[in-house]
Structure formats: structure tokens, C-alpha cells
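Below is one structure, written out as C-alpha cells; comments come after it.
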Amino acid sequence: MAGMPVLGNSVGAGELRDTSHASNRSSSSGSRRDSSPHRGQEHEVDVCCHRSELSSALATRSRPSSYERDYLENNKVPTMASLSSGGVITHTAPSYEEQRASPALLSRNTSTPGGRSTVRDDGYCSAGSTPRAFDHKSTKGSVVTLSCYKKEPKVQIEEEGYYTEATKRIRANSIKADASDGRETWGTGADFLLSIIGFAVDLANVWRFPYLCYRNGGGAFLIPYMLMLIFGAVPLFYMELILGQYNRQGPITLWKICPLFKGVGFCAVMVAFYVSFYYNVIIGWAFYFLVSSARSELPWLHCNNVWNTEQCWDAGRTNSTNRTDMPYQGPLSHFTPASEFFHRAVLEMQYSEGLNDLGLPKWQLVACLGVVYITLYLSLFKGVKSSGKVVWMTATMPYVVLSILLARGLLLPGATRGIAYYLQPELSRLRDTQVWVDAAVQIFYSVGAGFGVHLSYASYNTFHNNCYRDCLITTLVNCFTSFFSGFVIFTYLGFMSHKQGVPISSVATEGPGLVFQVYPEAVATLPGASLWAMLFFFMLIMLGLDSGMGGLECVITGLLDEARACGATWLRREHFTLLVVSISFCVACINVTPGGIYMFHLLDTYAAGISLLCSALFEALAVSWFYGLKRFSDDVEEMLGFRPGIYWRICWKFISPIFIIGVVVFGLLYQQPLQYQQYTYPQWAVVLGWGLACSSILMIPIVAIYKLITTSGTCRQRVACCISPEAEHDAIRGGAPVSRFTWRHWFYV
């Protein structure tokens with residue numbers, strides 16, 4: 001890069017050219033500073049504040065350095081911040097001449113090996129965190145100071161020269177006794193863990209993974225699935241948890257760490273909002289089926305209903321009693337009772353000719369959708385204090401229901417045949433590129449990285465929460481749920497294949513067709529069919545609700561944090577949540593019209609496809625390359641007490657971005673014509689879909705250009721400020737060297 005300083009001769013604004021072995025954790029207006037240890041070549045200096053006095057050590061030298069000469073000529077006086085029982089006190093550190101002349105000031109204070117002060121530093125040096133070890137009883141009548149500025153005086157003198165007097169006051173006032181920033185936290189760690197599990201484990205675990213496993217080689221599919229999980233999705237998932245927990249900000253305001261990529265936050269929020277337009281409709285359908293199942297005989301058992309056609313085929317009747325001579329083609333046929341109930345009784349597709357003829361919303365589905373959104377609002381309007389309690393039911397109940405359904409399904413004839421089809425390995429399928437693409441897409445969307453939901457949830461954690469453990473537990477639970485639900489689904493598919501004498505390929509499918517056509521027909525002939533149907537659709541509602549909560553929480557947290565950062569502190573969460581939920585409900589009503597299924601399929605195809613992948617890709621690039629992998633590793637060490645291993649660093653910087661790029665390329669190369677059943681979408685609908693996808697992707701370059709234009713300073717300073725944390729901007733404009741203009745920053749792994 002042209003104009004780069006010589007490697008090793010520059011430090012970032014706000015970073016230290018320190019000669020002590022201490023870990024420097026300095027605080028500046030709402031951000032945590034670099035905390036990596038620095039080794040020097042000369043003498044150690046430990047400047048630290050104690051309860052009643054300030055003591056420091058300064059080794060004498062034959063001639064003053066350039067920093068000392070600059071201090072003497074310009075009279076730049078460093079300020080120190082201390083905390084007393086009355087508030088924050090800012091005082092002047094001893095001058096250079098005083099330190100050289102006074103033997104008392106040259107006496108070394110008590111410290112541990114390596115120059116670290118005995119005053120415990122838990123890494124809490126900002127207004128966004130709370131000290132863990134703080135003796136409140138001893139603060140009365142004495143001065144208590146924070147050991148946040150353990151710097152060599154010459155380095156502090158140099159840095160103070162880059163800040164204005166107003167900035168100094170802001171930095172001093174940011175050191176508080178009660179470091180709470182007013183942001184609420186989860187009631188317990190289990191609330192957070194269940195919330196991210198509930199979002200990661202959703203309907204796709206039930207209606208997509210089992211079918212992909214069957215179609216792509218059975219047990220052999222687990223090989224690409226696990227590889228994509230380990231090297232692609234999990235590192236990005238872990239990165240989001242770290243970003244949210246360390247910065248305690250939503251997916252938009254988080255990007256003060258690298259303003260050039262603030263559009264990534266807007267992209268993630270828009271994707272999550274678009275998904276809510278159709279994802280919550282699925283929960284509404286499940287609620288409609290749940291109510292319809294509460295009767296002695298399921299409405300999709302026979303063909304003698306008003307919505308049935310002459311072509312309806314009742315598998316329970318003989319050919320002589322059926323109203324059609326057409327042979328039975330399996331539950332995926334458009335003429336089975338379950339299929340006609342879903343398409344003609346629930347969706348009422350017969351009253352629409354396509355996307356250009358949507359019609360009016362069906363009031364029964366609007367009522368079901370309204371119940372879903374009311375539930376979402378009541379779960380979200382109080383923040384994580386309320387949603388954290390709801391997930392105890394929504395995240396755990398599906399496992400109870402799945403276990404009950406599996407126990408019943410294993411008693412059915414043909415169940416073992418279905419499981420054999422599900423798991424039978426075909427290693428030859430691993431040569432097919434599409435198998436690897438399917439595995440990558442499935443695990444990526446299943447884990448949920450890129451939506452900004454995990455980031456939003458993690459922003460309500462305590463600073464030292466072990467998010468590394470939460471990441472591993474959530475991943476294991478997510479994979480187990482996908483695999484376990486496959487046993488449940490394929491026991492019933494094997495039963496249908498055995499009873500109706502059709503190959504299992506005529507039974508197995510994915511998506512809404514599986515849960516609203518195939519499975520309802522499977523349970524319709526069981527003793528106590530209504531009970532099993534109600535259990536199944538209740539499970540779908542529980543699986544969907546916590547994922548729906550996560551998506552809207554991302555939107556609410558992201559926009560609300562940004563609005564308050566822009567000065568709208570008067571905005572209440574209850575009112576803003578009502579606004580977001582109401583808008584989402586109004587748009588979702590389009591999907592419950594007679595032609596709504598066509599809009600549903602359009603949104604499902606384009607709303608969270610390429611745009612979600614781009615959100616995750618630029619998030620990984622921004623953090624590991626521009627923000628800096630070293631700085632990010634220092635953040636992890638400050639927060640969790642250990643640095644991420646080489647596996648995580650290589651995945652963040654190289655493997656995960658390459659993995660996403662590969663999925664995007666294959667997704668673009670293997671585009672399928674947009675159609676639903678026999679309906680082929682017009683060209684304007686495809687353009688509309690791509691416009692929807694691009695509307696969120698374009699936020700990334702648009703916001704980046706806006707930041708470059710509106711940032712003050714020279715061209716070099718603008719670029720430096722846009723790729724550096726906001727806390728360093730004043731120092732950059734004051735002439736401080738920029739660490740991101742060095743090769744060391746870009747090549748660190």
C-alpha cells in the first residue's frame with residue numbers, strides 16, 4: 001500500500017508505543033481500548049492511581065527523548081482521572097522536571113512482576129461495563145482510582161497532544177464508579193442460551209434437513225455438512241457473539257468500530273425485517289391447522305368436503321368408490337385430501353390466477369396471523385426481560401413433542417424402512433458439487449449467522465459471559481435437532497410408503513409441502529389422529545415463535561440503538577416495538593390473500609438469499625481485515641481471559657470468507673426458474689425479487705460512500721477515520737500515526 005510507514009515504527013491512534021510488560025487497557029468515550037501487552041527495550045514505567053496518593057517511577061537518561069523535548073517545549077500537561085466518593089476528579093500528573101528532581105517520585109511503587117499494579121484490573125474501563133471486584137465499603141472518605149491508564153508518562157504526554165480540551169474532558173468523564181450504561185441484561189445466562197438456541201433451531205431443522213439428507217446420499221451427507229459447519233458457519237457465529245457482547249451495541253451502532261462498514265448493519269436489519277414478512281405467516285398457517293385439528297375427525301381425511309374437486313383421490317377408498325379413475329400418485333399429488341385442504345380450504349388458491357391477482361386477505365388467516373403478532377409483541381415489548389422467559393417454553397417444548405412423536409412413529413409398520421432410506425449412505429454422491437452446495441447453504445442458514453440476531457441478543461450479555469461456551473452448545477444442539485427430527489419425519493414417511501404402496505421418493509419432500517400436506521396425511525389414519533396432529537402443529541408454532549422473536553428483536557434493537565445514538569433518547573421501546581410489529585403485520589397480510597402463496601414463495605426465494613450471504617461476508621471482512629484480527633483477539637482476551645486459537649483466526653480471516661464466496665458463486669451459477677407448482681412467474685416478478693434482494697445489499701456501498709464523503713479531513717484522514725474506530729478519529733486528525741496503514745495490521749494472523 002502506497003504511503004505506508006515502515007513496519008513497526010507506528011502505532012494506531014489510541015494504541016501505545018509502551019515499554020512496559022503491563023496490559024494496557026485505556027478508556028475513551030464509550031469504547032474499550034487495545035489491551036495487548038507490549039515489550040520494550042529500555043526501562044519500565046508504571047503510572048497507576050491509588051487510594052490516597054499518586055506515585056510513579058521514571059528512570060533517568062543522559063538526554064531527553066523526542067517525546068520529552070516535545071513535552072518541555074509545548075508544555076503539554078497530562079491529566080489523570082481518579083474516582084472519589086463525590087465523583088470523578090481530574091488532576092495534573094507530576095511534570096517531567098518534578099519527576100526527575102524529586103526522589104519521592106522516583107521511588108518505585110508496589111507492583112507485581114512485569115510492572116503490573118497490584119490494584120486488580122478486570123478490564124472494566126468504560127461506561128459500558130461493571131467492575132467485578134470493587135470494594136464499595138472502602139470508598140467512603142478516601143479516593144479510589146481506576147488503573148486504566150497504566151502508561152509510561154512520555155507516551156501519555158505524546159497522546160494527550162493529539163486531543164482537544166473538549167475531548168480530554170469527555171475521556172475523563174467517561175470513567176465512572178458505576179459503569180452501567182443503562183442497557184438491560186438477561187435475567188440469567190440460561191435465558192440468553194435458550195434464546196440463541198431457539199433462533200438457530202427453527203422450522204428448517206424439521207422440514208429441510210431430513211429431506212436434504214435423504215436426497216444427497218443419506219449418512220454420507222453428514223460429511224460435507226460437518227465440514228461446512230466446522231470451517232464456515234460456526235466461526236462466523238462465534239464472531240457475532242463476540243462483537244455483540246464486547247461492544248454492547250445493536251447491529252447498526254456496533255459499526256463505530258469501523259464506520260466504513262456501517263451499511264452491513266443496515267443490510268442485516270433489512271434482511272431480518274423482510275424475513276418477518278413471510279416467516280410469521282408460516283406460524284399463522286400452523287395455528288390455523290392447530291384449530292382445525294381440534295375436532296373428532298380431521299377435515300383432510302376424506303374427499304367429501306365443499307372445497308374438494310372431482311379429481312380428489314381418497315387413499316382410504318377403493319377405486320370403485322373414488323370419484324376419479326386417476327391412479328394414486330402419492331401425497332404430493334395435487335388431488336389428495338390433505339393437499340386440497342391446504343391449497344383450496346386454507347390458502348383458497350382457486351380464487352387467484354397468479355401474482356397479478358392477489359385478492360383480499362382471508363379473515364380467518366388474518367385472525368391467526370394477528371394472534372401470532374400479538375404474542376410476538378407481548379414477548380418483545382419489555383426487552384430481554386420478557387423474551388428471556390418466553391423462550392423457556394418455546395425452545396424446550398419442541399424436544400418433548402418430537403420425542404413423543406418419535407415414540408409413536410416407531411410403532412408404525414414401515415417405520416424402519418423410512419429410517420433406512422434416511423440414513424443409507426451413498427458415498428458416490430460426494431462427487432456431486434450440488435451436495436456440497438446444499439450442505440453449505442443448509443448449515444449457514446440453520447445457524448443464522450449474518451442476520452444480526454445473535455449479535456443483538458449478545459449485546460444484552462454481561463461483559464464476561466462465556467459466549468465461547470454458548471457458541472459450542474448452540475451448535476451441538478442445532479445439529480442434534482436436525483438429525484433427530486429426521487428420524488421423526490422419516491418414520492411417518494416410511495409408514496405412508498408402506499401403507500399406500502408407493503416409493504418413498506413419491507412421499508419425501510421439503511418445505512411447506514412436507515408439514516402441511518405429507519405429514520397431515522400421515523397422521524390422518526392413525527388412532528387418535530387429532531391428538532397427534534395437534535401435537536405436531538403445536539411443535540411447529542413453538543419452533544417458529546422463538547425464531548420470529550429473534551428476527552424482530554434484531555430490527556428493534558438495531559434501529560432503536562441507532563435512533564438513540566442520533567439523539568432520540570425520548571423514544572420508548574414499548575412504542576417502537578409496536579410500530580415495528582404493526583408494519584410487519586400489515587405487509588404479512590399480503591401473504592394470506594388467495595394469491596398470497598405466490599408472494600410468499602417470491603419472498604422466500606429472494607429476501608434472505610444472496611443478501612444474507614453478503615451481510616455475513618462483509619461482516620467477516622470488516623472485522624478480520626479492517627478492524628484488525630489482532631485488535632479483535634485482544635478484545636476476546638479482555639472479555640473472556642484467553643485469546644482465540646489459530647483455528648479461529650484462520651477461519652475468520654480466510655476460510656469463512658472463501659466459504660461464503662463459494663456459496664454465492666454457485667448460487668448465482670445454478671439459478672432455477674422461479675415457479676410454484678405449475679405457475680411460472682412473469683419476468684417482472686423476477687425483477688421485483690432481485691430488486692428486493694439488492695435493496696439490502698446496496699446499503700453496504702451506499703453507506704460506505706456516504707461515510708467517505710461526510711467525514712472531515714484530508715483524503716488520507718478520511719480513509720483512516722472510516723476504517724478506524726471512532727474513538728481514534730480525533731487523534732488521527734491531530735496527526736497520530738495510523739496502525740491500519742502498516743503491513744503488520746493486514747498480515748497479522
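Quick check: at a probe of 1.4 Å, how many percent of the accessible area of segment 463-592 sits on carbon and sulfur atoms? Write out the running numbers ahead of the final one.
Working: 2980 of 4150 Å².
About 72 percent, which is the carbon plus sulfur part of the accessible surface.
Could you tell me the convex hull volume per residue, in Å³, taken over the Cα atoms of segment 500-635? Please report the intermediate quantities before stating the final value.
Details: hull volume 29.2 nm³, N = 136.
Cα convex hull per residue, to the nearest whole number: 214 Å³.
Give me the Debye-computed log₁₀ of I(q)/I(0) at q = 0.11, 0.27 Å⁻¹ for segment 231-316, equal point scatterers on Cα only, no solvent, two decimals.
-0.60, -1.22
Once you've got the Cα coordinates, tell me which of K256/K707; K262/K385; K256/K630 are over 23 Å apart. It would help to have the intermediate numbers written out before the result.
Details: K256/K707 11 Å; K262/K385 28 Å; K256/K630 17 Å.
Table pairs above 23 Å Cα-Cα are K262/K385.
Name the shape class, rounded, prolate or oblate, that the alpha-carbon gyration tensor gives for segment 588-741, where a ≥ b ≥ c are the square roots of its eigenvalues, rounded holds for a/c under 1.5, and otherwise prolate holds if a/b is larger than b/c and oblate otherwise. Provide the component values of the computation, followed by the final result.
Values: a/c = 2.96, a/b = 1.91, b/c = 1.55.
Cα axes put segment 588-741 in the prolate bin.
Using Cα centres only, tell me the gap between segment 259-290 and segment 297-311 in whole Å.
Rounded to whole Å, the Cα centres lie 34 Å apart.
By how many nm would the segment from L578 to T525 grow when fully extended, if each residue of separation counts as 0.36 nm and the alpha-carbon distance is taken off? Numbers along the way, then the final one.
Numbers: separation 53, 0.36 × 53 = 19.08 nm, distance 4.30 nm.
Between L578 and T525, full extension yields 14.8 nm more.
Going 7 Å from the Cα of L411 along its beta-carbon direction, which residues of segment 512-540 have the amide nitrogen within less than 13 Å of the resulting point?
In segment 512-540, the label zone of L411 (backbone N under 13 Å from the point 7 Å along Cα→Cβ) covers 526-529, 532.
Between beta-carbons, use under 15 Å as the cut-off and find the net charge around L617, counting Lys and Arg +1, Asp and Glu -1.
Numbers: positive: K653; negative: E240, E619.
Residues near L617 contribute -1 overall.
Translational diffusion coefficient, Stokes-Einstein: compute it for segment 453-554 using the Kirkwood radius over C-alpha pairs as Rh, at 20 °C and 1.002 mPa s, and state it as an integer in µm² s⁻¹. Write out the running numbers ahead of the final one.
Numbers: Rh = 16.3 Å.
Roughly 131 µm²/s, to the nearest whole number.
Arrange the residues I702, I732 by how much accessible surface each exposes, largest first, with a 1.4 angstrom probe. It would help to have the intermediate numbers written out before the result.
Numbers: I702 100, I732 10 Å².
My answer, sorted largest first, is I702, I732.
What's the extension gain from N305 to T433 if we count 0.36 nm per residue and subtract their Cα-Cα distance? Could you put the intermediate results ahead of the total?
Numbers: separation 128, 0.36 × 128 = 46.08 nm, distance 4.57 nm.
Taking N305 through T433 to full extension adds about 41.5 nm, to one decimal.
Could you tell me which of rounded, prolate or oblate describes segment 366-437, using a ≥ b ≥ c as the square roots of the eigenvalues of the alpha-carbon gyration tensor, with rounded for a/c under 1.5 and, failing that, prolate when a/b is larger than b/c and oblate otherwise? Working shown, then result.
On the way: a/c = 2.87, a/b = 1.83, b/c = 1.56.
Taking the square roots of the gyration eigenvalues as a ≥ b ≥ c, segment 366-437 is prolate.
Could you check how much of the accessible area of segment 647-707 is carbon and sulfur, as a whole percent, using a 1.4 Å probe?
On the way: 2540 of 3390 Å².
About 75 percent, which is the carbon plus sulfur part of the accessible surface.
Show me 206-217, 425-436 ranked by packing, highest mean number of other Cβ atoms within 10 Å first.
Numbers: 206-217: 22.4, 425-436: 13.8.
The densest-packed peptide leads the list: 206-217, 425-436.
I want the local charge near L241. Using Cβ-Cβ distances under 14 Å, sum +1 for each Lys or Arg and -1 for each Asp or Glu among the other residues.
On the way: positive: R248, R469; negative: E240, D470, E619, D635.
Cβ neighbours under 14 Å give a net charge of -2.
Just to confirm, what accessible area per residue do you get for segment 689-749 at 1.4 Å probe, in whole Å²?
Details: 2890 Å² over 61 residues.
Value returned for segment 689-749: 47 Å² of accessible area per residue.
When Lys and Arg each count +1 and Asp and Glu each count -1, what net charge do the other residues less than 14 Å away from S276, Cβ to Cβ, add up to?
Values: positive: none; negative: D202, D546, E553, D604.
Neighbourhood net charge equals -4.
Ratio of segment 393-502's C-alpha Rg to 2.2 N^0.38 Å, to two decimals?
Details: Rg = 18.1 Å, N = 110, 2.2 N^0.38 = 13.1 Å.
The value comes to 1.38.
The values are calculated or read from the model by the stated rules, or taken from the named source; none is laboratory data. None of these values were measured; they are calculated from a predicted model. Glycine gets a Cβ as well: all are built from the backbone with ideal geometry, and neighbour counts include every protein chain shown. What goes into the accessible areas is simple: the full protein's heavy atoms, side chains included, and nothing from ligands, DNA or RNA. Shrake-Rupley method; radii C 1.70, N 1.55, O 1.52, S 1.80 Å.
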